[in-house]
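Following: one structure in structure tokens, then a few remarks.
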Amino acid sequence: MDQTLHVTLTVNDQNYALRLDPRTTLLDALREHIALTGSKKGCDHGQCGACTVLVNGRRINSCLTLAVMHEGDAVTTIEAIDNPTITMLQAAFILYDGFQCGYCTPGQICSAAGMLEEIAAGMPSYATKDLDATPQLSGDEIRERMSGNICRCAAYPNIVRAIEQAAP
Amino acid sequence: MKSFTFSRATNANAATHAASNGHDTKFIAGGTNLLDLMKLQVEGPDALIDINHIGLDSIEDTPDGGLEIGALVRNADLAADARVRKIYPVLSRALLAGASPQLRNKATTGGNLLQRTRCYYFYDTTKPCNKRAPGSGCAALAGFNRIHAVLGTSESCIASHPSDMAIAMRLLDATVETLKPDGSTAAIAIADLHKLPGETPEQETILERGELITKVILPPPTPGKQVYRKVRDRASYAFALVSVAAIIDKNGAAKMAFGGIGAKPWRVESADDLHDADEIADAVLAGAIGHGSNDFKIPLTRRTIRAVLRDARKG
């Protein structure tokens, strides 16, 4: 008989007590069990970034992690209403038309929110010329750091503009 | 995905003990490679042991001026560590050249060393693959093999090792420490961790059932300029066709390790004494065999060696 496990997930500051098959990914738990369908399933293999959420403030692919591994973690999705960075990015994506069909947008915005935190924490990227210096936000840095998020409509130029605009 | 039982370990000894029960039990840390393979039923463990809460997630100085890296340190944190950036920039660069930021936030030091090949046929359960299904054959030999290895391969398997991080660690002469289910520990030179495919490509490392990587020790680096140069089909978020990790000293002598071309992280120590790029390439590529679509990797490796040395010597 298949195992089911009790797990309490904390998503956008709300607790959800769930009974899950351990095979349930965090993405499927969000979409199918909590009805937070903002996080999208694109490839389901960590290649497209549409499922990106923040876990304890860090961006991850929610399709490549099991929900039962996240008891006690703080999960933030595109539905978070009191996350100022996400709110700012949402406004900037609208202002700069950072999408066409919109399917990848929740992942783009959560990824950008995590990326701005990483920059603020001084974390380098492949585009960072000097590893000893504090990385600065630039077009090259944004493009490299957002390479885990694919946009099938290729709205990339406006996604970069929106992120530049939303950056503190 | 095949069903499995899930448990969370609270310390390393409990994890290894639980993994020695005779079933197909796997540790899960970042899970970014394992869950991908489980969804495709390339992997189908009976049990998963979550090792994210057993500690082993810090980076400590060693008395001789090196670093001791916990197996659960995330790739993103290792790349960003101030000591790694200063003393081992080749490791930071290699890590940052791999995967995407989301994956690096989850992927761990131990897991990265144990990640599986991205051979298309290993991933496709409708095709023969000696690594996935021993004895079934190798569809890559006469198939699409643009990403495959040219060194260390066999008639059974031509898969390439996919890691960037492991190439830098191979260059830096890392030691991998493990814990076995009986409580004993082992220190394994990274050169000895991965096995060549031979006739048993399903055996990728010398680790025993239930043996857990606990840390990676880096000795102080040899002096010189550290470089990681990765050649790939896209500018970001792609595996290496050829990658070179190198330390070039002030006399122009180079130590190098290679990704993308070998069945395991590739290094030819005897080339360390050579200065001329083509002599180095001759030594490194001795015995290289192309399989059609990947023939280009042999001259590409030679040109990448030249480029690395030319740029380093320019200063």
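With the condition kept exactly as written, say whether any residue in the stretch A:85-95 is touching a helix residue (DSSP H, G or I) at 6+ places or on another chain (Cβ under 7 Å) and either of a type in the set (Gly, Ala, Ser) or not in a helix (DSSP H, G or I) (or both). Looking for residues that are touching a helix residue (DSSP H, G or I) at 6+ places or on another chain (Cβ under 7 Å) and either of a type in the set (Gly, Ala, Ser) or not in a helix (DSSP H, G or I) (or both), one finds at least one in the stretch A:85-95, hence yes.
Return a yes/no flag: does the stretch A:35-50 have any residue that is within 13 Å of chain B (Cβ to nearest Cβ), closer than 15 Å to residue B:1 by Cβ and assigned to a helix (DSSP H, G or I). Working first, answer last.
Of all residues in the stretch A:35-50, those within 13 Å of chain B (Cβ to nearest Cβ) come to A:39, A:41-50.
Now drop any that are not closer than 15 Å to residue B:1 by Cβ, which leaves A:41, A:44-46.
Still in the running and assigned to a helix (DSSP H, G or I): none.
There is no residue in the stretch A:35-50 that is within 13 Å of chain B (Cβ to nearest Cβ), closer than 15 Å to residue B:1 by Cβ and assigned to a helix (DSSP H, G or I).
Number of residues in the stretch B:253-280 that are closer than 16 Å to residue B:299 by Cα and assigned to a loop (DSSP other than H, G, I, E, B): the value is 3.
Would you be able to say whether some residue in the stretch B:103-112 is closer than 27 Å to residue A:108 by Cα, among the hydroxyl-bearing types (Ser, Thr, Tyr), outside any helix (DSSP H, G or I) and touching a helix residue (DSSP H, G or I) at 6+ places or on another chain (Cβ under 9 Å)? It would help to see each step written out before you state the result.
Just the residues of the stretch B:103-112 that are closer than 27 Å to residue A:108 by Cα, to begin with: B:103-109, B:111-112.
Those left that are additionally among the hydroxyl-bearing types (Ser, Thr, Tyr): B:108-109.
From what is left, the residues that are outside any helix (DSSP H, G or I) are B:108.
With the extra rule that they be touching a helix residue (DSSP H, G or I) at 6+ places or on another chain (Cβ under 9 Å), the set shrinks to B:108.
Yes, the stretch B:103-112 contains at least one residue that is closer than 27 Å to residue A:108 by Cα, among the hydroxyl-bearing types (Ser, Thr, Tyr), outside any helix (DSSP H, G or I) and touching a helix residue (DSSP H, G or I) at 6+ places or on another chain (Cβ under 9 Å).
Hey, could you check the stretch B:44-73 for residues that are free of Cβ contacts under 8 Å to residues at least 60 places away in the same chain and among the acidic types (Asp, Glu) and say which is surrounded by the most Cβ atoms within 10 Å (Cβ to Cβ)?
Keep residues of the stretch B:44-73 that are free of Cβ contacts under 8 Å to residues at least 60 places away in the same chain, which gives B:44-50, B:52-55, B:57-61, B:63, B:72-73.
Filter again for among the acidic types (Asp, Glu), leaving B:46, B:50, B:57, B:60-61.
Values: B:46: 14, B:50: 21, B:57: 17, B:60: 12, B:61: 10.
Among residues in the stretch B:44-73 that are free of Cβ contacts under 8 Å to residues at least 60 places away in the same chain and among the acidic types (Asp, Glu), the one surrounded by the most Cβ atoms within 10 Å (Cβ to Cβ) is B:50.
Answer with yes or no whether residue A:106 is assigned to a helix (DSSP H, G or I) and farther than 23 Å from residue A:56 by Cα. So residue A:106 fails the test.
Here's the yes/no breakdown for (1) touching a Gly at 6+ places or on another chain (Cβ under 6 Å); (2) surrounded by fewer than 17 Cβ atoms within 10 Å (Cβ to Cβ); (3) within 10 Å of another protein chain (Cβ to nearest Cβ); (4) over 19 Å from residue B:76 (Cα atoms):
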residue	(1), (2), (3), (4)
A:55	no, no, yes, no
A:67	no, no, no, yes
A:78	yes, no, no, yes
A:95	no, yes, no, yes
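Residue A:141 passes every criterion in (1) within 11 Å of chain B (Cβ to nearest Cβ); (2) within 21 Å of residue B:77 (Cβ to Cβ); (3) in a helix (DSSP H, G or I) apart from (1).
Among the strands (runs of 3 or more DSSP E) contained in the stretch B:149-252, which hold 3 or more residues that are surrounded by fewer than 18 Cβ atoms within 10 Å (Cβ to Cβ)?
B:185-189
In this structure, residue B:26 does satisfy being more than 9 Å from chain A (Cβ to nearest Cβ), basic (Lys, Arg) and closer than 23 Å to residue A:60 by Cα.
Return a yes/no flag: does the stretch A:61-83 have any residue that is touching a residue at least 40 places away in the same chain (Cβ under 8 Å), within 30 Å of residue B:230 (Cβ to Cβ) and within 13 Å of the chain's Cα centre (by Cα). There is at least one residue in the stretch A:61-83 that is touching a residue at least 40 places away in the same chain (Cβ under 8 Å), within 30 Å of residue B:230 (Cβ to Cβ) and within 13 Å of the chain's Cα centre (by Cα).
To keep it simple, each residue is scored yes or no on (1) in a helix (DSSP H, G or I); (2) among the hydroxyl-bearing types (Ser, Thr, Tyr); (3) within 11 Å of another protein chain (Cβ to nearest Cβ).
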site	(1), (2), (3)
B:65	no, no, no
B:69	no, no, no
B:77	yes, no, yes
B:95	yes, no, yes
B:99	no, no, yes
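Candidates B:285, B:241, B:300, B:309: the one that is hydrophobic (A, V, I, L, M, F, W, C), at pLDDT 95 or above and over 23 Å from residue B:140 (Cα atoms) is B:309.
Which residue is farthest from residue B:113 (Cα to Cα), if the candidates are limited to the stretch B:257-269 and must be in contact with a helix residue (DSSP H, G or I) (Cβ under 7 Å, 6 or more places away or on another chain) and surrounded by fewer than 24 Cβ atoms within 10 Å (Cβ to Cβ)? Looking at the filtered set, the residue picked out is B:268. The lone criterion from (1) free of Cβ contacts under 8 Å to residues at least 24 places away in the same chain; (2) under 27 Å from residue B:47 (Cβ atoms); (3) surrounded by 24 or more Cβ atoms within 10 Å (Cβ to Cβ) left unmet by residue B:121 is number (2). Within the stretch A:122-139, not a single residue is under 19 Å from residue A:85 (Cβ atoms) and either in contact (Cβ under 8 Å) with a residue 60 or more places away in the chain or among the charged types (D, E, K, R) (or both).
Here the condition is being part of a helix (DSSP H, G or I), closer than 29 Å to residue B:86 by Cβ, touching a residue at least 60 places away in the same chain (Cβ under 8 Å) and touching a Leu at 6+ places or on another chain (Cβ under 8 Å); of A:114, A:148, it holds for A:114 alone. Within the stretch A:1-30, the set of residues being within 14 Å of another protein chain (Cβ to nearest Cβ) and in a loop (DSSP other than H, G, I, E, B) comprises A:1, A:2, A:3, A:4, A:21, A:22, A:23, A:24. The set of residues from the stretch A:97-117 being out of contact with any strand residue (DSSP E or B) (no Cβ under 8 Å at 6 or more places or on another chain), surrounded by 19 or more Cβ atoms within 10 Å (Cβ to Cβ) and either farther than 19 Å from residue B:103 by Cβ or within 11 Å of another protein chain (Cβ to nearest Cβ) (or both) comprises A:98, A:99, A:105, A:112.
Residues that are in contact (Cβ under 8 Å) with a residue 24 or more places away in the chain, within 24 Å of residue B:48 (Cα to Cα) and among the hydrophobic types (A, V, I, L, M, F, W, C) within the stretch A:12-53 comprise A:18, A:20, A:26, A:27, A:29, A:30, A:51, A:53, listed in sequence order.
The values are calculated or read from the model by the stated rules, or taken from the named source; none is laboratory data. Fair warning: this is a prediction, and the values are worked out from it, not measured in the lab. FYI the Cβ positions are ideal-geometry reconstructions off the backbone, even for glycines, and counts take in every protein chain you see.
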